[in-house]
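Enquirer: After the structure tokens below, expect a handful of questions from me.
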Amino acid sequence: MTPGPAHGGLWVVVPAAGRGTRFGGERPKQYCEVAGRTVIAHTLDRLLSHPSVAGAMVVLAADDAYWRDSALVDLEKPVLTCTGGAERADSVLAGVDALPDAVRADAFVLVHDAARPNLAHADLDRLLDLGRADPVGAILAAPVRDTLKRAGDDGGIDRTEPRERLWRAFTPQLFRRMQLARALRAAADAGVAITDEAMAMERQGLRPLLVEGREDNFKITTPADLARFEYESTRR
């Protein structure tokens, strides 16, 4: 895949303003260390080492105390920062708005979780190939393969839910800059809590493409996930 020029190639927004309350501990999960580098450093390395990615906009909490020590080394492409908001959607919108002026309104941009460091370049290749050819854009995802149970208030099983046509949403997600910003603003104005960028686009009546990706493109949410990534990183 041929890279674009550094000033006009593909940019990625990386929301990193979350506190990671489910992970626990004082340090946000994106700043935990694996193999001498923070999780977010691993994530940025996977993104910026791809030839089609020109730069990254990292969205930080206003009181972030860890970014300066996050061990970003050997990153030859620009990494810019801006301040995020209270919710993920607020931070993504802030990142999209803060992108360089050279990123046109109709240009595709990626959004990728700061704590999803195991992205395969082959998955990103496929997302870009298929997503750029789609009128809306696309997300990496995987079909639900486990049996799903609906729980009652007492913890017992009420029923089994059909899993056909259900997918688990991953990142990166790929949309045009102006369309994504408009969708996120519309959701915020309506007071709707957005859990991923595709949901904002869906509210606009749009149908992003699902692109199947690898199961090991997981998000670090618990200490067990961190241990899994540490194990995966030793196998590279």
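Enquirer: Do we have any residue at all in segment 150-170 that's of a type outside the set (V, I, T), buried (at least 22 other Cβ atoms within 10 Å of the Cβ) and under 15 Å from the mean Cα position of the chain (by Cα)?
Expert: Yes, the conditions are met somewhere in segment 150-170.
Enquirer: Can you confirm whether T222 is over 19 Å from V13 (Cα atoms) and of a type in the set (V, I, T)? Explain how you work it out, then say what you get.
Expert: On the way: over 19 Å from V13 (Cα atoms): yes; of a type in the set (V, I, T): yes.
Yes; evaluated as a whole, the condition is true for this residue.
Enquirer: Take L75 and decide whether it is in contact with a Pro (Cβ under 8 Å, 6 or more places away or on another chain), open to solvent by 10 Å² or more (accessible area, probe 1.4 Å), without any contact (Cβ under 8 Å) to a residue 40 or more places away in the chain and more than 19 Å from R185 (Cα to Cα).
Expert: no
Enquirer: Do we find a residue being within 20 Å of T43 (Cα to Cα), in a loop (DSSP other than H, G, I, E, B) and in contact with a Leu (Cβ under 8 Å, 6 or more places away or on another chain) anywhere in segment 91-98?
Expert: The answer is no; no qualifying residue exists.
Enquirer: I need the full set of residues from segment 90-102 which are open to solvent by 20 Å² or more (accessible area, probe 1.4 Å) and among the aliphatic types (A, V, I, L, M), in order please.
Expert: L93, A94, A98, A102
Enquirer: Looking at A142, is it under 17 Å from the mean Cα position of the chain (by Cα) and either open to solvent by 20 Å² or more (accessible area, probe 1.4 Å) or under 23 Å from A41 (Cα atoms) (or both)?
Expert: Answer is no for this residue.
Enquirer: What are the pairs, 6+ residues apart or on separate chains, where a residue within segment 158-175 that is under 17 Å from A200 (Cβ atoms) has its Cβ under 8 Å from a residue that is among the basic types (K, R) and open to solvent by less than 50 Å² (accessible area, probe 1.4 Å)?
Expert: F170/R116; T171/R116
Enquirer: Hey, another quick one. Could you give every pair whose Cβ atoms fall below 9 Å, whose first residue belongs to segment 216-236 and is within 13 Å of C32 (Cβ to Cβ) and at pLDDT 90 or above, and whose second residue is open to solvent by 60 Å² or more (accessible area, probe 1.4 Å) and assigned to a helix (DSSP H, G or I), counting only separations of at least 6 or pairs across chains?
Expert: Close Cβ pairs (under 9 Å, with a partner that is open to solvent by 60 Å² or more (accessible area, probe 1.4 Å) and assigned to a helix (DSSP H, G or I)) amount to I220/R228.
Enquirer: What are the pairs, 6+ residues apart or on separate chains, where a residue within segment 125-142 that is over 17 Å from W167 (Cα atoms) has its Cβ under 8 Å from a residue that is among the basic types (K, R) and modelled with pLDDT of 95 or more?
Expert: Going by the 8 Å Cβ cut-off, the qualifying pairs are V136/R207.
Enquirer: Filter segment 195-236 down to the residues that are open to solvent by 20 Å² or more (accessible area, probe 1.4 Å) and under 18 Å from V96 (Cβ atoms) and list them by number.
Expert: T195, D196, M199, E202, R203, Q204, L206, P208
Enquirer: Among the residues that make up segment 78-88, is at least one of them part of a helix (DSSP H, G or I) and more than 17 Å from G18 (Cα to Cα)?
Expert: No - not one qualifying residue is present in segment 78-88.
The values are calculated or read from the model by the stated rules, or taken from the named source; none is laboratory data. Computed from a prediction, not measured in an experiment: that's the story for all the values here. So basically every Cβ, Gly included, is an ideal-geometry build from the backbone, and we count neighbours across all protein chains shown. With ligands, DNA and RNA removed, areas are computed over all heavy atoms of the protein, side chains included. Shrake-Rupley method; radii C 1.70, N 1.55, O 1.52, S 1.80 Å.
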